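The values are calculated or read from the model by the stated rules, or taken from the named source; none is laboratory data. Because the structure is a prediction, the values reported are computed rather than measured. Using ideal geometry, Cβ is built from the backbone for each residue, glycine included, and neighbour counts are taken over all protein chains shown. Surface areas here come from the heavy atoms of the whole protein model, side chains and all, with no ligands, DNA or RNA. Shrake-Rupley method; radii C 1.70, N 1.55, O 1.52, S 1.80 Å.
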Amino acid sequence: MPRRRKMLAADEELANKIVEMAKRREATVFQTVNLILEQALRAEEMGISLREVVDKRWMLERARGLGLVFAPERLLYEMVDLAYNKARKKASKIWLEIGRWYGEYFSDKEEPLKAVEEALELLTFGNSYYSLRDEGDEVSLSIVGDRFTEGYTEALSLLIEGVFKALGYEANSREVSRGAIHYRFGRVGDD
Amino acid sequence: MIKGVKDTKLLVVPAELADRLKEVAVRHRVSLAAYVASILREALRAEEMGVTLGEALNLYRMMEIQRGAGVLQAPRTALQSLLSKAYREAGEELRNLWFEAGRWYGRYLKTRLGDENLIGFLEEVLRHHWNLDEVSLRGDDLELLVSLVSFTLSREGTELLSCYISGILHSLGFREEDRSILEGLARIRFKRMPGWSLKAQ
């Protein structure tokens, strides 16, 4: 027995784009729409919004584009600490230089601080948090992570410092202790 | 699809699907048309990124599972530099560290995913989260061949990632038989450990 069907009203422009999508996928509009709506209900059952789902996909692409990789945090912290214990100066230089590289990369963007913020969102994936505030003559930045080790906190702070140095800032204040980073940056040359 | 009133078109869907969507729309206190429009917009957004909504959902779920495993993002270049410096002085220690981390992660996956296809999930994690260019985990319940290709991973990185995978599969009941490692290229063969069965674990 054929299944009962109903009709849903959709914006014409949106519907036309779905028709094009169906053609690209070499599927019927009926099949394409069904699949899309089924996935929406699946997201609903998982308790998440579709917007959030698609945003996360963007996040992964962005991370890849920035040369970031996912790493198990315990491994990362232990490796960073190992490097810091055995070769602190060299390890510090690496993180500062990489920060400067990213800073140079962000400086070309239309809104460099926005690009920094996007990177911070990626770097604090997991159980850490950041806050970045542009206060006109100063930028204040905080990062906290209760699982950060001393070595990783130091490394991350140097990465941040490198980024902002390349963007033309200098640290007016710096407070770094295990799990917590607080900076206030001012533009170089500002009095 | 049928033309509706001005600027609208009518999409034909199974009645049951329409009813379920209506329930959700009511819960969210939006009209069915508005709810459907928001869904279609997100589907188009996903399409622009080159994925279907289903793929995006699977990835979202994977990221949440990874977050629970304590995974974070780090600059690849920093990691590679650290690895090559630390590996020279503490290679054995690092290999053990990565193997043990893999073992923990394997146990975490078993706990979190239960009866799901763990090998399939692991393959996707390696592909998406470790940015490998090619990944394959082929075999059956008795034997597994893992192949990895990365055009950016160093020799040390390849070695350590192999140790990590070895640890994961050890937790899933596979013992490493042999491995062949080059810079950015790894082939590792595993055999099911005696006494292990999927049901028992």
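Across region B:65-89, the qualifying residues are those that are within 7 Å of chain A (Cβ to nearest Cβ) and among the β-branched types (Val, Ile, Thr), and the one among them that is nearest to A:ARG74 (Cα to Cα) is B:VAL71. Taken over region B:154-181, the criterion of being free of Cβ contacts under 8 Å to residues at least 40 places away in the same chain, not β-branched (Val, Ile, Thr) and not in a helix (DSSP H, G or I) is satisfied by B:GLY173, B:PHE174, B:ARG175, B:GLU176, B:GLU177, B:ASP178, B:ARG179, B:SER180.
When restricted to residues that are touching a helix residue (DSSP H, G or I) at 6+ places or on another chain (Cβ under 6 Å) and at the interface with chain A (Cβ under 7 Å from one of its Cβ atoms), region B:22-36 contains 2.
Residue count for region A:19-37 satisfying the condition of being out of contact with any helix residue (DSSP H, G or I) (no Cβ under 6 Å at 6 or more places or on another chain) and surrounded by 15 or more Cβ atoms within 10 Å (Cβ to Cβ): 4.
Could you tell me which of the residues B:ARG155, B:ARG138, B:ARG127, B:ARG187 is open to solvent by 10 Å² or more (accessible area, probe 1.4 Å) and at pLDDT 95 or above? Unique residue meeting the criteria: B:ARG187. Take the conditions crowded, with 19+ Cβ neighbours inside 10 Å and more than 7 Å from chain A (Cβ to nearest Cβ) and apply them to B:GLY114. Does it pass? Criteria not met by B:GLY114.
Residues in region A:39-60 that are open to solvent by 70 Å² or more (accessible area, probe 1.4 Å) and either farther than 16 Å from B:VAL36 by Cα or more than 7 Å from every other protein chain (Cβ to nearest Cβ) (or both): A:GLU45, A:MET46, A:GLU52, A:TRP58. Scanning region B:110-126 for residues that are assigned to a helix (DSSP H, G or I) and either free of Cβ contacts under 8 Å to residues at least 24 places away in the same chain or within 12 Å of A:PRO72 (Cβ to Cβ) (or both) gives B:THR111, B:GLY120, B:GLU123, B:VAL125. Listed conditions (1) at the interface with chain A (Cβ under 7 Å from one of its Cβ atoms); (2) open to solvent by 10 Å² or more (accessible area, probe 1.4 Å); (3) closer than 30 Å to B:GLY106 by Cα are all met by B:GLU55, apart from (1).
Quick check, is A:ALA71 closer than 17 Å to B:ARG127 by Cα and not in a helix (DSSP H, G or I)? The answer is yes for A:ALA71. Counting only residues that are of a type in the set (S, T, N, Q) and either more than 22 Å from the chain's Cα centre (by Cα) or crowded, with 19+ Cβ neighbours inside 10 Å (or both), region B:9-52 holds 2 of them.
If you go through region B:134-160, how many residues are touching a strand residue (DSSP E or B) at 6+ places or on another chain (Cβ under 7 Å) and of a type outside the set (Ser, Thr, Tyr)? Let's see the steps before the verdict.
If we filter region B:134-160 for residues that are touching a strand residue (DSSP E or B) at 6+ places or on another chain (Cβ under 7 Å), which is where we start, we get B:134-139, B:141-149, B:158-159.
Next, only the ones that are of a type outside the set (Ser, Thr, Tyr) stay: B:134-135, B:137-139, B:141-146, B:148-149, B:159.
Within region B:134-160, residues that are touching a strand residue (DSSP E or B) at 6+ places or on another chain (Cβ under 7 Å) and of a type outside the set (Ser, Thr, Tyr) number 14.
For region A:115-168, a tally of residues being part of a helix (DSSP H, G or I) and among the hydrophobic types (A, V, I, L, M, F, W, C) returns 14.
A single member of A:TYR169, A:TYR129 is in the same structural domain as A:VAL80 (by TED's automatic domain parsing), among the aromatic types (Phe, Trp, Tyr), open to solvent by 20 Å² or more (accessible area, probe 1.4 Å) and over 25 Å from B:GLY68 (Cα atoms), and it is A:TYR169.
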